[in-house]
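Below: the structure, in structure tokens.
None of the figures in this text is laboratory data; all of them are computed from the coordinates on show. Since this is a predicted model, take the numbers as computed values, not measurements. Backbone-built Cβ (ideal geometry, glycine too); neighbour counts: all protein chains shown.
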Amino acid sequence: MKFPVKDSLTKAELQKGLRYVLKDGMCSQTLAVLTTGVFLVAFALKLGASIELVGFIAAIPPLTQMLSFFAAYIVQKYKKRRVLCIISSFSSRIFWLFIAVIPFLFSIELGLILFILTLFILSCIAVISSTSWNTWMKDLVPEEQLGPFFAKRITLTLIVGLILTLVAGFFIDFWNKEFSLYPLYSYSILFFIAFLAGMLGIHFISKIPEPKMETEDQRPKFRELLSKPFQDANYKRVMIFLTLWNFAINLASPFFAVVMIQQLHLDMSLITILTVLSQTMNITFLGLLGRLSKYSNKSVLQFSSPIFLVCILLWVFTTAFQSIVLVMSLLILVHIFTGISTAGVTLAMGNITLRLAPKKDAAPYLATNTVFTSLAAGIAPIIGGFSFQLLFYQHWNFYFLMVFLIGLISLFWLSKIKEAGEVTPRTFMHEFLLEIRRGVRNFSSAAGIHHMIHFPSFIYRYTIRKRQDETNTEKIDD
């Protein structure tokens with residue numbers, strides 16, 4: 001099958017291609033939701049992984065992004081990004097089928113080793129896919145549509161993720177009750193579904209048209225291209241900010257699930273409900289922040305990033321209370337504002353790297369940024385895993401406080417970035433509140449208030465009921 005590269009795209013071809021980008025986004029989100037986050041951590045723990053090993057597993061995907069230089073070289077040399085993306089996506093995603101059958105074919109000890117090895121291999125191959133995809137999308141999506149289009153794509157993928165996370169969480173709890181002797185098989189089913197979604201996504205990727213990469217008459221040597229981002233003072237500030245930010249966030253985020261599973265002893269269904277709450281708030285505010293990104297991505301980040309850091313700081317107190325009422329109230333608050341802030345962080349961080357990278361040198365710029373941010377994101381959970389075990393296992397509060405302080409340092413570098421259209425935080429906040437008011441006016445007050453408070457209150461009632469049922473069961477057993 002041939003995948004031609006076109007000198008230019010008609011408006012109809014562009015719109016058709018963007019629709020396939022959205023369809024692939026939903027398939028890729030299905031793959032990501034079912035093979036990362038709390039499900040990946042829980043699967044590793046079931047295989048007998050230690051806290052340190054959980055940190056190492058979380059570090060594998062970002063550390064393999066160090067191969068972005070190699071991937072950028074391939075993209076720059078062959079310039080067939082759609083072909084590269086299809087081949088590498090297929091080669092990496094098929095390994096999830098192998099991971100799915102590990103519990104059926106191997107012992108727990110051998111299964112854990114094979115799982116880590118396979119995850120490493122597929123992550124290495126996936127680097128080529130992500131690098132070719134990023135430069136392809138920069139040429140495909142018009143710059144003025146970057147914010148609104150990717151806000152729409154993220155919204156659709158989050159809706160898919162929200163539904164899948166909730167269903168998968170309840171499915172695992174159901175499986176553990178009905179088939180308690182085979183707990184790993186439930187994750188195998190999730191991984192198999194993820195594999196099928198990944199294959200469907202490749203079909204959609206094959207339908208997306210590819211514009212020709214811009215080239216110069218005399219291309220400099222590739223090592224000269226790699227030095228260009230360091231000569232660009234503004235882009236260097238972007239890389240420093242993103243490196244520090246990724247280090248801070250990845251020190252904390254892989255261990256949120258560990259806290260809820262091992263420290264707070266929450267059921268998987270309850271953890272997924274909290275995740276869905278966060279995703280619901282993410283979806284609610286993504287469109288709003290996408291519209292505000294018309295000013296600048298930096299303005300969105302200056303609004304969203306501090307909120308995210310405060311949410312990390314609040315994790316300090318999740319193990320400080322004995323009352324389940326206080327713990328759940330705090331967890332609900334954290335997940336609400338994490339969802340709101342993640343909407344802006346996810347959207348703006350992706351767009352600012354694309355927008356500030358020169359079009360003709362996008363591959364080396366994006367690859368250089370990816371290498372540094374991925375190195376930080378990869379080292380962080382490894383350090384975090386050992387820190388938890390050696391220093392902070394009984395004192396999570398100090399650990400999250402440390403992460404918060406590192407995050408504050410990254411905000412200093414964010415303030416130094418220059419981007420066209422940026423406004424003062426006060427102006428942005430004014431526009432944000434205006435958007436909120438417009439949304440409230442378009443929302444039925446009585447029904448709206450009911451729906452806004454119903455979901456968090458449902459989580460609270462569900463938790464209390466679960467704890468009461470467990471207490472009654474223990475009394476009966478006694």
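Amide H contacts of residue 295 (H built 1.01 Å from N, in plane; Pro and chain starts excluded): no residue 5 or more places away or on another chain comes under 5 Å. Return the long-range amide H neighbours of residue 210 (sequence gap of 5 or more, or a different chain), with a cut-off of under 5 Å between placed amide H atoms. Counting only residues 5 or more places away or on other chains, the set is 6. Working from label points 7 Å from Cα in the Cα-to-Cβ sense, the residue 264 to residue 101 distance is 3.8 nm. By the Stokes-Einstein formula, at 1.567 mPa s and 4 °C, segment 1-113 with its Kirkwood radius over alpha-carbon pairs has D equal to 75 µm²/s.
Once the Cβ-Cβ distance of residue 426 and residue 109 is raised to the sixth power relative to R0 = 56 Å, the FRET efficiency obtained is 0.45. For segment 294-397, the fraction of C-alpha pairs farther apart than 21 angstrom is 55 percent. Each 5 Å bin, from zero up to the one with the longest distance, holds this percent of the alpha carbon pairs of segment 118-201: 3, 11, 13, 17, 17, 16, 10, 6, 4, 2, 1. Taken over the Cα atoms of segment 129-168, the convex hull encloses 66 Å³ per residue.
Taking Cα centre as origin and charging only the Cβ of basic (Lys, Arg, +1) and acidic (Asp, Glu, -1) residues, the dipole magnitude of the chain rounds to 1660 debye. Across all C-alpha atoms in segment 72-153, the radius of gyration and Dmax reach 16.9, 53 Å. Averaging 1/r over each pair of different alpha-carbon atoms in segment 1-53 and inverting the result gives 14.5 Å, the Kirkwood hydrodynamic radius. Each of 377, 202, 3 was scored by the projection of its Cα onto the charge dipole of the chain, and the greatest displacement toward the positive side belongs to 3; charges sit on the C-beta of Lys, Arg, Asp and Glu.
Mean projected area of the Cα convex hull of segment 225-367, taken over all directions, amounts to 9.5 nm². Residues whose amide H lies under 5 Å from that of residue 318, counting only those 5 or more places away or on a different chain, are absent; hydrogens are built 1.01 Å from N in the peptide plane. Beyond 14 Å, the tail of the calculated P(r) for segment 247-300 holds 68 percent of the Cα pairs.
Couplings for segment 339-352, taken from phi via the Karplus curve 6.51 cos²θ - 1.76 cosθ + 1.60 with θ = phi - 60°, read x, 4, 5, 4, 4, x, 5, 4, 5, 6, 5, x, 6, 5 Hz in order; Gly and Pro are left as x.
Distance distribution P(r), segment 173-304, all Cα-Cα pairs, bin width 10 angstrom from 0: 8, 17, 28, 28, 14, 5, 1 percent. The shape of segment 272-329 can be summarised by an equivalent ellipsoid whose semi-axes, obtained from the alpha carbon gyration tensor, come to 29, 15, 6 Å from longest to shortest. With the gyration tensor restricted to C-alpha atoms of segment 335-374, the semi-axes of the equivalent ellipsoid amount to 26, 11, 4 Å, longest first. Each stretch of four or more DSSP H residues adds -39500 (n - 2.57); spread over every residue of the chain, this sum gives -27000 deg cm²/dmol at 222 nm. Computed from backbone phi, the HN-Hα couplings of segment 228-240 come to 4, x, 6, 8, 8, 4, 5, 5, 5, 5, 4, 5, 5 Hz, rounded to whole numbers (Karplus: 6.51 cos²θ - 1.76 cosθ + 1.60, θ = phi - 60°; Gly and Pro given as x). So what is the orientation-averaged projected area of the chain, using the convex hull of its C-alpha atoms, in nm²? The number I arrive at for the chain is 24.3 nm². Taken as Cα centroids, segment 401-424 and segment 55-103 sit 30 Å apart, rounded to the nearest whole angstrom.
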